[in-house]
Amino acid sequence: MSKKLEEIKKRLDLVAADRNKFGLERIDVDRRVVHRREMTYSHVVESNAIGRDFDKENIIKLLLQENSHTSVIPIVGIGGMGKTTLAKLVHNDQRITESFPLKIWICVSDDFDINQLLIKIIMCASEGDLASSYSPVGQQNVKDLDVQQLQHTLRKKIAGKKFLLVLDDVWNDDRVKWLELQDLLEMMGSNESKILVTTRSPTIASMMGTVSSYNLEGLSLKNSLSLFVRWAFKEGEEKKYPKLMNIAKKIVKKCSGVPLAIRTLGSSLFSKHKIDEWEHVRDNEIWKLSQRENDILPVLKLSYDQMPSYLKHCFAMFSLFPKDYVFISATVSSLWGALGLIPSSVENKSLEDIANQYLLELMSKSFLQDFIDFGAGYCFKIHDLMHDLAIYVAKDQCVCVNLNIQNMPENVQHLSFLAKHMPDKSHIPESATLRTILFPVHEIGIDEAFLNTSVLKHKYLYMLDLSNSTYETLPWFIHKLKHLRFLDLQYNRKVKRLPDSICILQCLQTFLLVGCTELEVLPRDLEKLISLRRLEITTKQISLPEKEIAT
């Protein structure tokens, strides 16, 4: 044992020496920071939630009622009405915290996969594992469990406990799946536990609820105007502009009390004090469009149209990721930089600085939500309606591939595979315009055959995401992708070596190798990657090559 400890100590000393030698930056991710990141799901700024006190009290009363069985309380409302915000207000109330020793917040969205839900519940219920939903490493041990093991682990976490489980944004209408999850939870937790559900569908609410659905209505005209003013003006500034306030009242009335529409339009007019700019929004033809009942997408498009062009292009790229995806600013800046969306000739500002400035602008315009500064960067999400808008404005340039896709646009530039299974090679078109191939869903696991036949033939790629893949060797002809600027090989637990030819990629800016736990040695001649800005690695190599890294 003492010999092993001595060997470990030597390795740690070498790591420490490398840190000093290469000027590596240490990023502390302590429990406080992690907690703030995890609370992205349930954190809400109460001062931004106007006109929901009555609704909040009604939901809390339902949750605090004594029952002999686990109650399920559905909140129903159209998209953008503030269901999630209301659930957050309730979740964070002191009375709820005192009444429920265990609170679990799960964002469900389109995928009601029982195993995935169990994994999320286990991770959220685990003290000290608050970073789990952001870290593939943290999830890996739980993901490797089979159904029986998952149930056993869940039982240990919640057995006999009185819990509040929030299932946010549910779309599943398969009653069998819901009953399976409900039975598991009722068998394990206390009968006094409660489940709070948010959904757009009255049918789903009726299927899941054990009590009548709580129908969330639009804000009153007074509260709508207050919300609009908060986002359109600095505090107290509205008093200086009575003419703008008269226009604001008419804009707000057209928003039908939908908070997302009000907030987004208000944000788009912030710091704009010309009457004609406000009249343009009030009198825009988009209000006259015949639209589906309760569809606020045209209103969001109106806000999008007010944005500068550089933000429009950046925003469209969010369409390549699944709904409720948690974005990290470092990855977003690398993506935008690789695609040439960040100018390179801004004095005294790095690419990362400009990207962060863009993110803050999008956040201030209400196009991003759950925006958290965790010290080393930002994490955030976008509302599912904003995701719909991103898909709409990206049109045929950005395509998300699922198993149901039929016609692939010929001019597609950016491809993202969201299905959980290996895509068919026919899904990747023979196109000289293709610049991006992403696999943001970790469950896919790209194998070597698919990589060779369908991916690496595209010689004009700028971005390639092969994270969580299952190949053991990366083909030597990777160097033929000479335009590549972003290469993500993270969390491939089989790859042992990378071809030295990878160092010929002189345009490469971002090279990610985190979680490659079997990687024995780094490629030679890393110093030839002259454009490299970001290198993140996990390797078995005892010491870093000084010549290559220091250069």
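Taking all Cα pairs closer than 8 Å and separated by 6 or more residues, the relative contact order of segment 309-387 comes to 37 percent.
Coordinate range of the alpha-carbon atoms in segment 309-387 per principal axis, descending: 35, 27, 20 Å.
What percent do you get for the relative contact order of segment 221-305 when only Cα pairs under 8 Å and 6+ apart count? Relative contact order comes out at 34 percent. Ordering Phe439, Phe380 from the fewest to the most neighbouring beta carbons within 10 Å gives Phe380, Phe439. With a cut-off of 12 Å between beta carbons, the residues surrounding Asp168 carry a summed charge of +2, where Lys and Arg count +1 and Asp and Glu -1.
Remark: segment 60-74, residue by residue, has Karplus-estimated 3J(HN,Hα) of 4, 4, 5, 6, 8, 5, 7, 9, 8, 8, 5, 8, 10, 10, x Hz, where x stands for each Gly or Pro and the curve is 6.51 cos²θ - 1.76 cosθ + 1.60 at θ = phi - 60°. Under 5 Å between amide hydrogens, built in the peptide plane, is the criterion, and for Leu456 it picks out nothing among residues at least 5 positions away or on other chains. Rounded to the nearest whole Hz, the Karplus-based 3J(HN,Hα) values (6.51 cos²θ - 1.76 cosθ + 1.60, θ = phi - 60°) of segment 522-538 follow the sequence 7, x, 6, 6, 4, 5, 6, 7, 6, 9, 5, 10, 9, 10, 10, 9, 10, with x at glycine and proline.
Phi angles of segment 248-263 translate, via the Karplus equation with coefficients 6.51, -1.76, 1.60 and θ = phi - 60°, into HN-Hα couplings of 4, 4, 6, 5, 4, 4, 6, 7, 6, x, 7, x, 4, 5, 5, 5 Hz per residue; Gly and Pro are given as x. In terms of the mean number of neighbouring beta-carbon atoms within 10 Å, the peptides 94-101, 168-175 order highest first as 168-175, 94-101.
Sorting Thr473, Thr539, Thr84 by the number of Cβ atoms found within 10 Å of their own Cβ, with the fewest placed first, yields Thr473, Thr539, Thr84. Sequence-distant or interchain residues sharing an amide H contact under 5 Å with Val197, placed H: which? Residues meeting the amide H criterion: Ile73, Ile75, Leu167.
Here, each number is a calculation from the coordinates, and none is a lab measurement. Remember, it's a predicted structure, so these values are computed and weren't measured experimentally. Glycine gets a Cβ as well: all are built from the backbone with ideal geometry, and neighbour counts include every protein chain shown.
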